[in-house]
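See below for the structure under consideration.
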Ligand SMILES: Cc1ncc(C[n+]2csc(CCOP(=O)(O)OP(=O)(O)O)c2C)c(N)n1
């Protein structure tokens, strides 16, 4: 891209939204240009979410220009499109730290800025939260505007409809802005997406758009009655009874979300109306940066890249667990025609691209709808189809009751391929996959497997798939230790651990390190240095009880190691076992402490938490000395 650094004069002076309220229309348009340039240059260095924010530049400027933020509340859904918002609300110079240890969060955080009115990271929460704020304002007699900003992808999440339903009924003073770019991470899916596309296509779009320009931009105050008449006119003429209107909202749009003067006048006029209002804007993901416009999916969230070419500059690391899953899924599908795969809107992240191309009629992207994904899978399983649900650990949290009520109680045969289990790094606390063992191991009928490497991951996926009930394989973000998978899949006996190293009897204190997943590697140096027994526990549920009895009788200490919260984790399961059987040897649980873990690289976080190999050895030595 050509250097536009001389353009950065306006943005350099925006330290607060109040500064941009001083600018005239031409300057605001110039600011939009500078902001785009700044976002591209900055994200090229740090990596992060780029295409979503490029699509919201004009929207963000218009919002902070028209509304009295932070008194008026902007509630962004997910928060991945809010980099422009961060830049305009006093965090411009910190953008270079985004997603890094101690730096800005990649999403929204109330503790980061008073302009971040509601913490986010997961999808489809904005309308509910904004409705709560609107009702609170009403109760407190505060005349503030509350605005939920939601993408068409996030609008595939059921919670958004629960909130719309409630808002229309409460007649709340709430504005919902739909940022419609026809994309989720990959192309958006579903009947609602089709419905939005129909609104945008053909005559309805152009005539309403014209209408928005001519009518909305010239509304004189007081406008309420005129606006009402305009709405009725529009309703009758071009869009009889949109879905949103029937839900109790005044629907306005579609409006070109990149036309800044238009956006400003539309927002100004909408601010003069009361009750539930719905503004439908149309934007382009990646707007203004050719590589991102051409490939919005890649630029949704991207590693550092060359801003001139859009080429990613980092060199790929080890083969990821995601790609192990991807290959296993395709191989398994070729052997079993009953296999189907389900993703809640994470085709790329979950490694389903290849499967979706090879088996399009056995592939289901259900939208950002984790609850539905699980119950949909349960229904399929009732009819002897074999669903594999590929889901991130953090997003499975959304579908907890569905896992219990719809899947496990009925003992249905589904396989959960749980990606991003454990610390995930740059995405931080909202995306950490550190609770799944705790919330799954208390569910009767569940089997939970934790692979130590890529080869075991493939065999565990196969084992979980063959298990005739709900089974979950949890694997971490990133690469393994390079252990190649064998093409031939092997069944692992349910609840059977693997002893990797034995303590040499009679020498020193007898310590058994019981480890789950790739955390075995973090325990291995300690096992060698302190002559410990080292066990690949393989199953968080069921535990290998026979082995635990044997080890409890032949060792003086147990150390448990897992990339998961200590509270309720696999190590807790060992303590429950010990209590039940009246073993009194001391047990040290090593894992994620009882607090939310912020962003940073995985390595940095592990070091910070004392979960790197060196610190683990130190903890074990201290524990032994404590007796
Ligand atoms: C509950 C949940 N599931 C999945 C995700 C992952 N995710 C982040 S952004 C996104 C797509 C959002 O699309 P949209 O709201 O249209 O915003 P856009 O990126 O198109 O601007 C998804 C699926 C998430 N954040 N939360």
Residue list for the stretch 293-311, restricted to those being in contact with a strand residue (DSSP E or B) (Cβ under 9 Å, 6 or more places away or on another chain) and within 20 Å of residue 350 (Cα to Cα): 296, 297, 298, 299, 300, 301, 302, 303
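Being without any contact (Cβ under 8 Å) to a residue 40 or more places away in the chain, away from the ligand (no atom under 16 Å from the Cβ), buried (at least 16 other Cβ atoms within 10 Å of the Cβ) and in a loop (DSSP other than H, G, I, E, B) is true for just one of 31, 104, 108. Which residue is that?
Details: 31 fails: in a loop (DSSP other than H, G, I, E, B); 108 fails: away from the ligand (no atom under 16 Å from the Cβ).
Within the list 31, 104, 108, the selection yields 104.
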Of all residues making up the stretch 572-620, the number that are surrounded by fewer than 14 Cβ atoms within 10 Å (Cβ to Cβ) and assigned to a helix (DSSP H, G or I): 6
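Among the residues of the stretch 361-373, write down those that are under 16 Å from the mean Cα position of the chain (by Cα) and away from the ligand (no atom under 16 Å from the Cβ).
First, the residues of the stretch 361-373 that are under 16 Å from the mean Cα position of the chain (by Cα): 365-371, 373.
Within the stretch 361-373, no residue meets the criteria.
Does the stretch 74-85 contain at least one residue that is over 22 Å from the mean Cα position of the chain (by Cα), in a helix (DSSP H, G or I) and closer than 27 Å to residue 273 by Cβ? Please lay out each step first, then the result.
Of the stretch 74-85, the ones over 22 Å from the mean Cα position of the chain (by Cα) are none.
Looking for residues that are over 22 Å from the mean Cα position of the chain (by Cα), in a helix (DSSP H, G or I) and closer than 27 Å to residue 273 by Cβ, one finds none in the stretch 74-85, hence no.
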Filtered residues of the stretch 34-62 (kept if touching a strand residue (DSSP E or B) at 6+ places or on another chain (Cβ under 6 Å) and assigned to a helix (DSSP H, G or I)): 44
Helices (runs of 4 or more DSSP H) (entirely within the stretch 118-200) containing at least 3 residues that are more than 25 Å from residue 300 (Cα to Cα) and more than 14 Å from the ligand (Cβ to nearest atom): 126-140, 158-170
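Can you spot a residue in the stretch 64-72 that is within 12 Å of the ligand (Cβ to nearest atom), outside any strand (DSSP E or B) and crowded, with 24+ Cβ neighbours inside 10 Å? Working first, answer last.
In the first step, residues of the stretch 64-72 are kept if they are within 12 Å of the ligand (Cβ to nearest atom); the result is none.
Scanning the stretch 64-72 turns up no residue that is within 12 Å of the ligand (Cβ to nearest atom), outside any strand (DSSP E or B) and crowded, with 24+ Cβ neighbours inside 10 Å.
Is one or more of the residues making up the stretch 237-258 under 24 Å from the mean Cα position of the chain (by Cα), away from the ligand (no atom under 16 Å from the Cβ) and part of a strand (DSSP E or B)? Before you say what the answer is, go through the steps one by one.
Of the residues in the stretch 237-258, the ones under 24 Å from the mean Cα position of the chain (by Cα) are none.
No, the conditions are met nowhere in the stretch 237-258.
Conditions (1) away from the ligand (no atom under 12 Å from the Cβ); (2) at positive phi; (3) touching a residue at least 60 places away in the same chain (Cβ under 8 Å); (4) not in a loop (DSSP other than H, G, I, E, B), marked per residue:
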{"site": "267", "(1), (2), (3), (4)": "yes, no, yes, yes"}
{"site": "274", "(1), (2), (3), (4)": "yes, no, yes, no"}
{"site": "280", "(1), (2), (3), (4)": "yes, no, yes, yes"}
{"site": "288", "(1), (2), (3), (4)": "yes, yes, yes, no"}
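No lab work stands behind these numbers, since they all come straight from the coordinates. It should be emphasised that the depicted structure is a prediction, and the values quoted were computed from it without experimental measurement. Glycine gets a Cβ as well: all are built from the backbone with ideal geometry, and neighbour counts include every protein chain shown.
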